Structures are given as structure tokens and as C-alpha cells.
Amino acid sequence: MKKSGIAFHEARAAYLFLIPAFVGLTALTYGPLIAVFALSFFNWRGALAPAFNGLANYISLFTIDPYFIDSLKVTAYFSLLSVIGCMIYSLAVAMLLNRKIPARGFFRAVFYLPYVLPSVAVYIGWSWLYESNFGLFNYILTSLGINKVRFIADPNLVVPSLALIAVWLSGNLIVIFLAGLQNVSRVYYEAAEIDGANSWQRFLHVTIPGMTPIIFYNLLMSLVTNMQIVTPALALTSGGPGNSSMFISYLMYRYAFISNRLGYASAISFVFFMVIAVFTGILFATSKDWVFYEGEK
């Protein structure tokens with residue numbers, strides 16, 4: 001009886017401490033999500049009273065809207081380039097920083113620093129590097145006898161150019177990969193060396209399997225973050241040139257705060273939420289086939 005009383009008091013204390021988390025999650029996540037879903041069924045233009053219009057917003061998205069489908073394609077293209085680039089770059093840098101090199105702590109700080117810089121300032125700084133006439137990159141290209149490149153003024157190059165900036169900003173993934181590399185047991189490396197495995201074989205058959213939980217986490221975070229990209233469109237391109245950088249988040253911003261079509265923007269927001277949820281669900285569903293945890297059979 002005494003044991004049951006102690007368990008009851010511990011459970012009550014746990015629920016009391018969880019109340020702030022539940023309140024915050026409800027107020028900041030579930031509440032706004034429900035509100036956006038409800039508003040998506042209304043025609044609401046700024047100061048005018050919302051008028052219920054059923055599925056009209058959703059029908060317009062897929063049949064009339066000249067930007068929505070293209071913005072989904074642009075967002076998917078950017079996310080593909082950014083996620084692949086971020087994963088390869090951050091893992092490669094983490095493996096280099098995991099070695100015993102001079103000033104290792106300094107270099108770790110240098111590669112992490114871009115992540116904590118203000119994103120708008122970063123994109124504006126990179127726009128100077130990309131500048132068609134006097135930018136550093138074009139100066140190097142002309143010095144090598146190569147024609148100047150319009151990095152963010154060319155519809156075919158703007159998304160890859162912005163994805164390169166996103167890759168450079170992935171310092172948080174480097175830190176997480178670095179922590180994961182340090183937790184891979186040395187026993188497996190020593191066993192592989194005894195079996196005659198070379199560096200590539202140890203990386204492929206020891207490092208990668210031991211890092212799959214970290215790879216899964218970074219892949220998920222990178223996917224969600226890059227699919228919601230909006231800063232480069234706000235800071236540099238305004239969706240151009242020719243709507244080639246019209247990311248879905250920026251399209252929502254334009255409809256909501258420039259055109260004052262709040263109900264329509266809510267419909268875009270909810271559809272985009274479902275798209276991200278589908279990709280996240282696929283990632284979780286497939287993870288059981290390639291993510292391995294130590295101690296599992």
C-alpha cells in the first residue's frame with residue numbers, strides 16, 4: 001500500500017511538471033494548426049469578415065492557381081539539392097574534424113559559426129559573392145578565362161545557388177555528426193583492421209552502420225528545415241527570376257500578407273503541412289530497413 005502511495009505521488013508530480021510542455025505544445029502547435037485548417041474553408045480578405053466557401057480554396061489551388069504547382073516543384077528541387085548536399089558536406093567535414101589535427105577546436109568553431117549567424121545577413125553576404133559584375137566568384141571565373149555567371153539572376157541557376165548557401169549553413173549537422181562519430185565503438189574498427197579492412201571498407205561497413213541513427217535524425221531535420229525555406233526569397237530574389245525561386249512558404253507569405261487572402265494562404269499552409277507529413281511518414285516507415293541500433297538483434 002505504501003509503495004502504491006509513493007508511485008501515485010511520483011506520477012502526480014510528473015504530470016504537474018509536464019503541464020507547461022502540454023500547454024506550450026497546445027498553444028503553439030496544435031491550436032494554430034487547427035485554426036489554420038478551419039480558416040482554409042473561408043474566404044477571408046484582411047479587414048473583411050470571413051465568409052465560408054467550403055472547398056473552394058483547395059479546388060482553386062489545384063485547378064486555377066498559376067503558382068502553386070510550380071512552387072511545389074521548386075521547393076522539392078531545392079530540398080533535394082540541399083538535403084543531399086548538407087548530408088554529404090556535413091558528414092565529410094565531421095569526419096575530418098574527428099581526426100587529430102592541429103587547432104581542431106578552432107576549426108570546429110569555424111564550421112559551426114555559419115549556423116548561428118543571422119540568416120538574412122548570410123544570404124545578403126552571399127549575394128555580394130554572387131554579384132554578376134563585381135562579385136568574388138565571377139572575379140575568379142574571369143581570371144580563369146571563364147565567362148561570368150549570373151548565379152541568382154539566371155532561372156536555371158538560382159535554386160542550385162541558393163542550395164549551396166543552405167549547405168554552407170549546415171553547421172548544426174556537423175556538430176551532431178561529430179558527436180555520433182565519437183560514439184561509434186572502437187572495438188568494431190579494431191576488429192575490421194584485424195580482418196584486413198582498408199579505410200573505405202571500415203567507413204562503409206563500420207562507420208555508416210554505426211551512424212545510421214544519427215544519419216536518420218539529421219536527414220529528418222534537414223528535410224523539414226529545407227522544405228520550409230523562405231529566407232532567400234524574402235532577402236534576395238522575391239521569388240524570381242520568373243518565379244524560379246517561388247518557394248511554397250514564400251507563396252504563402254505573398255497571399256497572406258501582400259494580397260490579404262488569409263483563407264487562401266491557410267489552405268496552402270495546410271496542404272504543405274500534409275506534404276511534409278507524407279515525406280516524414282515515408283522516412284519513418286523506411287527507417288526500420290536501414291537504421292540500426294546497437295544491441296538490436
Go through the range 266-272 residue by residue and turn each phi into a ³J(HN,Hα) via Karplus (6.51, -1.76, 1.60, θ = phi - 60°); whole Hz please, and just put x for glycine and proline. 5, 5, 4, 4, 6, 4, 5
Using per-residue counts of other Cβ atoms within 10 Å, averaged over each peptide, order 250-256, 134-140 from highest down. 250-256, 134-140
For the range 148-154, 3J(HN,Hα) per residue [Karplus equation, 6.51 cos²θ - 1.76 cosθ + 1.60, θ = phi - 60°, Hz, x = Gly/Pro]: 5, 10, 8, 4, 10, 10, 9
Whole-Hz couplings from phi, Karplus 6.51/-1.76/1.60, listed for the range 67-74; x for Gly and Pro: 10, 4, 4, 5, 5, 5, 5, 5
Among the aspartates and glutamates, which fall within straight-line cross-link reach of LYS100, defined as a Cα-Cα distance under 16 Å, with same-chain neighbours fewer than 8 residues apart omitted? none
Any residue on another chain or 5+ positions along whose placed amide H is under 5 Å from the amide H of PHE42 is listed here as ASN53
Arrange the peptides 40-46, 231-237, 284-290 so that the one whose residues have, on average, the most other Cβ atoms within 10 Å appears first. 231-237, 40-46, 284-290
Calculate what fraction, in whole %, of the accessible area of the range 143-222 sits on carbon and sulfur atoms when a 1.4 Å probe is rolled over the protein chains. 61
Counting only the heavy atoms of the protein chains, how much of LEU113 is accessible to a 1.4 Å probe, in Å² to the nearest 10? 90
Calculated [θ] (222 nm, deg cm²/dmol) that DSSP helices of n ≥ 4 give over the chain, each run adding -39,500 (n - 2.57): -21000 deg cm²/dmol
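The values are calculated or read from the model by the stated rules, or taken from the named source; none is laboratory data. What you see is a predicted model; the values in this text were computed from it and never measured. Cβ coordinates were reconstructed from backbone atoms using ideal geometry, including for glycine residues, and neighbour counts include every protein chain displayed. Each accessible area value is taken on the protein alone, full model and side chains, heavy atoms only, with ligands, DNA and RNA left out. Shrake-Rupley method; radii C 1.70, N 1.55, O 1.52, S 1.80 Å.
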